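Reviewing the structure listed below.
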Amino acid sequence: MSTTTDTAAGRRQVLPVYGAGFVTAFGAHAVAANLGAFALGHHDSLLELGLVLGVYDAAEVVLKPVFGTLVDRRGAKKVMVGGLVAFGLASAAFVAGGDPNLLGAARLAQGAAAAAFSPAAGAAIASLGGTKRTGRLFGGYGGAKGIGYLLGPVVGGALVVSGGYRLLFAVLGAVALLAAIAVSRLIPEMAPLPRRRSGLVQLVHQFSQPTFLQPVLLLGAGTAALSAGVGFLPVLGYRHHLDAVATGALVSLLAATAALLQPWAGRRLDRGRLHPAFAAGGLLACAAGFALVAGLTSPLAMAAAAVAIGAGVAAVTPLGFARLAATAPPDRLGQTMGAGEVGRELGDAGGPALVGAFGTFGLGAGLAAIAAALLACAALALPRVGVQDPGDVAAGST
C-alpha cells in the first residue's frame, strides 16, 4: 500500500511539470502556425512576419542560460511558477490591449517567460526522477510537449476562426495560469543547493566537456529533424498535389509518433535495456526518413518518412536529457539544463534553415542535406570504445 501511495504522490508531483512542457509547446505552435493568415490580413510583409515568428525563439536562446542560473539560486519551483505566471500575464496583456501592433511585443514576452520555466521544468524533472526514473520522466515530459506540438496548430486555428487572436491569447493565458497553480500546489519545494564558487574558466571547461556536448548535440539534432520535418513535409506534399488535410495529417503523424514513443524510450532507458548506440540509431532513423523523401515523393513514402522522423526524435530526446541531467553538477543543474536547451533552440532554427539553403537547388537537395547532417551527428553520437556512456549512469545500469 505504501508503494502504491508513493507512486500516486510521485505522479501528482510530476504531472504539473508535464503541464508546463505542454504550455510552451502548445503556446509556441498555436500562434506560429496561424501567424501567416494574420499577417496577410493586416498586409504585413514577409520580413515583419519573420520577425514576429523569430522573437519568441530569440528570447529563449538569450535568456534560457540566465534563468537556468536563477533556478540554481532560487529553486526550480519558484522560477517555474514565475515563468508560467509571466506567460499568462503576457497573453492577457495582448487580450486587454487588442492592438494587432502589440503582437510582436506579446510574443517576445511569451518567449522570455518560456525561457524561465523551460529550464526550471527540466531541473525539476531531474530532481524528481532521481537515479531510477529520470528516463521515463523525461520521456513523459517530451510526450507532453509532443501533444502540445500536435494540438497547437489545430486548436489554435479553431480558436482564431471562432474568436480571433484575442480568443487564442485568452486561452493561452488561462492554460498557463492553471499550470502555475498546479505547480504551486502539487510540486514540493526544491531548495537550492549551496553553490561552489567558479569563474568563467571553470564554466567554459564544464561546457566544453564531451559529457555536456554530446547530449546537447543529440537534443539539437533531434529538434532540427523535428522542425525540418514539420516545416517541409507539408511543402513536399503540396508540391505533389496533396490537399491541406493530407499535409496536415503528415505533420500530425510525425508529432504523434514522437509523443507516443518518448515515454517508452524513457522507461527502457531506466531499465538499462537501451544499447549505448541507441541515440545514434535514432538520428539514423531521422536521416533515413529525409533521405527517403529526397528520392521518393509518393504519399506512402511521405507517411513512412513522418513515422521514421518521429520515432528517431522519440529515441533521441529523453536519452539526451537524461544524459545531460546525469552528468550535471548538482549545484548547477539549472544552469546546465538552461545551456543545454540553447542547443535545442539552435537546432530548431538550424534544421529548417539548412533545408531552405540547399533547397535553392531543389527541395530534394535540401532534404538530402539535412539527411547528411543527421548522419554526421549520428557518427558523433556513437559511444567511444572504453568510455562509459553517460546514458548508463542515468539508467543506473553500471
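Tabulated data for the structure shown
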{"quantity": "Selection status of Phe117, assigned to a helix (DSSP H, G or I), touching a helix residue (DSSP H, G or I) at 6+ places or on another chain (Cβ under 8 Å) and modelled with pLDDT of 90 or more", "calculated": "no"}
{"quantity": "Some residue of segment 374-393 being under 15 Å from Ala294 (Cβ atoms), at pLDDT 85 or above and not aromatic (Phe, Trp, Tyr)", "calculated": "yes"}
{"quantity": "Residue check for Leu363: farther than 14 Å from Leu283 by Cβ and surrounded by 24 or more Cβ atoms within 10 Å (Cβ to Cβ)", "calculated": "no"}
{"quantity": "Cross-chain or 6+ apart pairs with Cβ under 9 Å, segment 99-128 first and among the β-branched types (Val, Ile, Thr) and surrounded by 24 or more Cβ atoms within 10 Å (Cβ to Cβ), then in a helix (DSSP H, G or I) and modelled with pLDDT under 85", "calculated": "Ile125/Thr134; Ile125/Ala325"}
{"quantity": "Test: Leu226 is touching a Phe, Trp or Tyr at 6+ places or on another chain (Cβ under 9 Å), in contact (Cβ under 8 Å) with a residue 12 or more places away in the chain, crowded, with 19+ Cβ neighbours inside 10 Å and assigned to a helix (DSSP H, G or I)", "calculated": "yes"}
{"quantity": "Residue within segment 123-139 that is closer than 30 Å to Ala326 by Cβ, out of contact with any His (no Cβ under 8 Å at 6 or more places or on another chain), among the charged types (D, E, K, R) and part of a helix (DSSP H, G or I) present", "calculated": "yes"}
{"quantity": "Gly82 vs. criteria in a helix (DSSP H, G or I), crowded, with 24+ Cβ neighbours inside 10 Å and modelled with pLDDT of 85 or more", "calculated": "no"}
{"quantity": "Residue that is nearest to Leu375 (Cα to Cα) [pool: residues in segment 265-279 that are among the aliphatic types (A, V, I, L, M) and not in a helix (DSSP H, G or I)]", "calculated": "Ala277"}
{"quantity": "Check on Arg74, in the same structural domain as Ala30 (by TED's automatic domain parsing), under 23 Å from Leu346 (Cα atoms) and among the basic types (Lys, Arg)", "calculated": "no"}
{"quantity": "Residue check for Leu333: touching a residue at least 12 places away in the same chain (Cβ under 8 Å), aliphatic (A, V, I, L, M), over 30 Å from Gly68 (Cα atoms) and assigned by TED's automatic domain parsing to the domain that holds Gln262", "calculated": "no"}
{"quantity": "Criterion: small (Gly, Ala, Ser), within 30 Å of Ile125 (Cβ to Cβ), touching a residue at least 12 places away in the same chain (Cβ under 8 Å) and surrounded by fewer than 24 Cβ atoms within 10 Å (Cβ to Cβ) - qualifying residue of Gly340, Gly350", "calculated": "Gly350"}
{"quantity": "Qualifying residues in segment 158-183 (those that are surrounded by fewer than 21 Cβ atoms within 10 Å (Cβ to Cβ) and small (Gly, Ala, Ser)) - the one nearest to Val81 (Cα to Cα)", "calculated": "Ala182"}
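Conditions tested, residue by residue: (1) in contact with a Phe, Trp or Tyr (Cβ under 9 Å, 6 or more places away or on another chain); (2) within 19 Å of Gly156 (Cα to Cα); (3) not assigned by TED's automatic domain parsing to the domain that holds Gly351.
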{"site": "Ala244", "(1), (2), (3)": "yes, yes, no"}
{"site": "Ala249", "(1), (2), (3)": "no, yes, no"}
{"site": "Ala255", "(1), (2), (3)": "yes, yes, no"}
{"site": "Leu261", "(1), (2), (3)": "no, no, no"}
{"site": "Ala277", "(1), (2), (3)": "no, no, no"}
{"site": "Gly289", "(1), (2), (3)": "no, no, no"}
{"site": "Leu292", "(1), (2), (3)": "no, no, no"}
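The values are calculated or read from the model by the stated rules, or taken from the named source; none is laboratory data. Please read all numbers here as calculations on a predicted model, not as lab measurements. With ideal geometry, Cβ positions are generated from the backbone for all residues, glycine too; neighbour counts draw on all protein chains shown.
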